[in-house]
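Structure first, commentary second.
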């Protein structure tokens, strides 16, 4: 009997864990190398997750239902008339009907259909640059799904697919918190404004129901271990080892060598290149990797109060919901503009939730190395628009800039997706031309992180796709 | 003073005052942004100076890059296909380099000035490429094209000219380099296939060196020469030229113009054992396939140079079938042969080929199908080019 293939996965974030489970299921002996003391990576800093994707859950042996209940979103409005959104349903938080509800429903259902048509592109390899036989079935499946949308929907998808979220919102919704929510979700975690071309794409990737993040990392880690993956926590990868131009294992910080026939890295492409040593890569690959746009613009802010904070118009029953403060499209775009010049906006946009006396937030439109006290001040200024006087009640405030997040997690630029999700960094071009099929440089080395196809958020799909590509290459 | 690219045309190089004075033909061309003579007087006369006396040619427009540092050798090994470790200090080596698909970017010479000091000379601009190659490695890359003037002194009396100029280079073997005087580097290299040297000096001392060589060479028939004479000599010597015999993949708009070292007949300069280099994985795969095309040298009937000719073979029912084209051609006055570089389809190698040569005869074009046979790589390869010490003449 042939010896079992050994695989080393660098990083125990969602993608590393999914990749490990998929590799173990594929018959590999898998070691996951994680620098941190606990699994999860950036999940530790996130508040909500829309995943993992069912295909990734299947690799982990988990059922979608096992992740806990979906939670609603409350789109906050300075007028106090907040909007409660549960999937395609929208109404005022006080229970009364929202005038835009029907239009929200129509748009939501349409985006769901579009997302379903795109699905085959996400769970497999992206379309190849040059059409070859192996890429054909996937492309045909996608073409068929596109055609099955019907002429009207197909035309609409092709119309909005490369367009921007602000135009989509202007066409489909009344300006206000609902439109602001759409704009917010199109740029969350990115360094972009909703008027940037390609911002409809993230909306199509974010159709799954939201759940709270905590506990998820531990569950995914346990499931991955249950599939046979071995987790090495507190073990940093110092170098990826090669022999005869093939990946051969990973050298740990403490000098230990983890032998492996396959090395999958859930780090960014640039970080992976640095671990492997640039001399093993062609200069073109190194140039493309160096040009990947990955500068985070989302900060984490935690505000502690003496008692649960009260937001006018918000029922304490909705404290566990996702609160989004992005009152209109016209509020999101100006919040982004100053980031281009390295400045904090006066009124950033954000999502958050209230746990007891703590308000935890992901604040969007924060320059990479913004000072923490300034991030807190801008956050409070924005919150004061819906809860005047809230700032005075804060007992303790903590903030993590994108630079802090980068230092804590190793995520390139502290970016949620390890690289902007934009038209020039998507599908065949993600993370960069020539690397979209996860293989990178020397044989046996693969990318399986958020920077890889199809991209970030807590989907686990890059991990799953990376593992599949690695297993296929060994066949 | 820097010579920035100018919209107003090519700019004078470091030897321009002397070239201008020597030029009766006033036939100037743009060589990499520098005003360079196609010929100074008459190409034939300059060519025969290369072959029978000594010719002095300004090669300053060549790009010259300095790579220095503890990992300079690794930087170059990352770029070129050969093993740079095999070039000893004090030696010069030929090298070519490829893109990620294994397609040739350019070729040139690597001067190993010391264990950690190299100079790369080539036609194409490579500065950003080399800087990127050095990323993460402990070596500094700089462009010394502007700072360094270069002269080729080529021909059978070139050694005697140097000796008369007081430069002691008798022990230099082909591809050796030496510094007979501080600041003046002499290498026994060249693009003519004959005995010859290249001299490298800081731009401010360029004119003095020129005058010194012309003065010393007077009795040995030294003559300034232009690009056309040099081109004739290099075709005879069997040296393919980037931009003519193959297109740099970096300059080509059409990806199909890319050529592998195997197709160029330069496969022996690809060393798969030395570790990774740019395009290695692609070349490893390509090595197994028979080359789609080949750059070959041809010996063509008649005395009319087959410049630009299409190549044919006899197909079904005696029809002509196009199988390639001539990239450089020359009636070789020294070898008395009609020689050419040509690119032909892989399967046409060894077949009976015919070159379609057009002749303009007093107002009328005539076509001639001339038989083309495989020729030696170098039509002219004299023993004197390799004798050490070189003969005095």
Notebook entry, point to check: How about region A:340-367: which of its residues are more than 14 Å from residue A:383 (Cα to Cα) and under 22 Å from the mean Cα position of the chain (by Cα)?
Noted result: A:340, A:365, A:366, A:367
Check: Restricting attention to region B:251-287, which residues are buried (at least 16 other Cβ atoms within 10 Å of the Cβ), under 17 Å from residue B:95 (Cα atoms) and within 14 Å of chain A (Cβ to nearest Cβ)?
Finding: B:271, B:274, B:275, B:276, B:277, B:278, B:279, B:280, B:283
Check: Does residue B:160 satisfy the condition of being within 30 Å of residue B:211 (Cα to Cα), more than 14 Å from chain A (Cβ to nearest Cβ), in a helix (DSSP H, G or I) and in contact with a helix residue (DSSP H, G or I) (Cβ under 9 Å, 6 or more places away or on another chain)?
Finding: yes
Check: For region A:398-440, how many residues are over 17 Å from residue A:9 (Cβ atoms) and within 14 Å of chain B (Cβ to nearest Cβ)?
Finding: 4
Next item on the list: Could you tell me whether any residue of region A:384-402 is crowded, with 24+ Cβ neighbours inside 10 Å and at positive phi?
Entry: no
Check: How many residues are over 22 Å from residue B:319 (Cα atoms) and loosely packed, with under 13 Cβ neighbours inside 10 Å when one looks only at region B:366-383?
Finding: 1
Next item on the list: Mind counting the residues in region B:220-230 that are in a helix (DSSP H, G or I) and closer than 14 Å to residue B:155 by Cα?
Entry: 3
Note to self: Which of the strands (runs of 3 or more DSSP E) found entirely inside region B:324-393 contain at least 2 residues meeting this: assigned by TED's automatic domain parsing to the domain that holds residue B:160 and in contact (Cβ under 8 Å) with a residue 24 or more places away in the chain?
What the structure shows: none
Next item on the list: Test each condition in (1) touching a strand residue (DSSP E or B) at 6+ places or on another chain (Cβ under 8 Å); (2) within 14 Å of chain A (Cβ to nearest Cβ) for residue B:77 and report the one that comes out false.
Entry: (1)
Next item on the list: Starting from residues that are under 18 Å from the mean Cα position of the chain (by Cα) and away from every other protein chain (no Cβ under 14 Å), keep the ones in region B:98-113 and report whichever is surrounded by the fewest Cβ atoms within 10 Å (Cβ to Cβ).
Entry: B:109
Margin query: I need the full set of residues from region A:447-475 which are away from every other protein chain (no Cβ under 14 Å) and either without any contact (Cβ under 8 Å) to a residue 12 or more places away in the chain or over 18 Å from the mean Cα position of the chain (by Cα) (or both), in order please.
Written below: A:467, A:468, A:469, A:470, A:471, A:472, A:474, A:475
Next item on the list: Look through A:389, A:444 and report the one residue that is within 14 Å of another protein chain (Cβ to nearest Cβ) and over 24 Å from the mean Cα position of the chain (by Cα).
Entry: A:444
Next item on the list: Tell me, yes or no, whether region B:149-172 has at least one residue that is within 30 Å of residue B:78 (Cβ to Cβ), at pLDDT 95 or above and surrounded by fewer than 22 Cβ atoms within 10 Å (Cβ to Cβ).
Entry: no
Item checked: Every residue from region B:298-342 that is more than 14 Å from residue B:379 (Cα to Cα), surrounded by 18 or more Cβ atoms within 10 Å (Cβ to Cβ) and more than 21 Å from the chain's Cα centre (by Cα) -> B:309, B:311, B:312, B:313, B:323, B:324
Check: Filter region B:140-149 for residues that are touching a strand residue (DSSP E or B) at 6+ places or on another chain (Cβ under 6 Å) and part of a loop (DSSP other than H, G, I, E, B); which is farthest from residue B:191 (Cα to Cα)?
Finding: B:144
Margin query: For region A:244-257, check the following and say yes or no: at least one residue is in a helix (DSSP H, G or I), surrounded by fewer than 18 Cβ atoms within 10 Å (Cβ to Cβ), in the same structural domain as residue A:28 (by TED's automatic domain parsing) and free of Cβ contacts under 8 Å to residues at least 12 places away in the same chain.
Written below: no
Checklist line | Identity of the residue in region B:114-130, outside any loop (DSSP other than H, G, I, E, B) and surrounded by fewer than 17 Cβ atoms within 10 Å (Cβ to Cβ), that ends up farthest from the other protein chains (Cβ to nearest Cβ) | finding: B:114
Next item on the list: Could you tell me which of the residues A:201, A:263 is within 30 Å of residue A:330 (Cα to Cα) and touching a helix residue (DSSP H, G or I) at 6+ places or on another chain (Cβ under 9 Å)?
Entry: A:201
Note to self: Looking at A:294, A:299, A:326, A:285 in this structure, which one is in contact with a helix residue (DSSP H, G or I) (Cβ under 6 Å, 6 or more places away or on another chain) and under 30 Å from residue A:245 (Cβ atoms)?
What the structure shows: A:294
Margin query: Within region A:228-243, does at least one residue satisfy the condition of being in contact (Cβ under 8 Å) with a residue 40 or more places away in the chain, within 14 Å of chain B (Cβ to nearest Cβ) and in contact with a helix residue (DSSP H, G or I) (Cβ under 7 Å, 6 or more places away or on another chain)?
Written below: yes
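The values are calculated or read from the model by the stated rules, or taken from the named source; none is laboratory data. This one's a predicted model, so the numbers in the text were calculated from it and none came from an experiment. Positions of Cβ are generated from backbone atoms using ideal geometry, with glycine treated the same way; all protein chains shown enter the neighbour counts.
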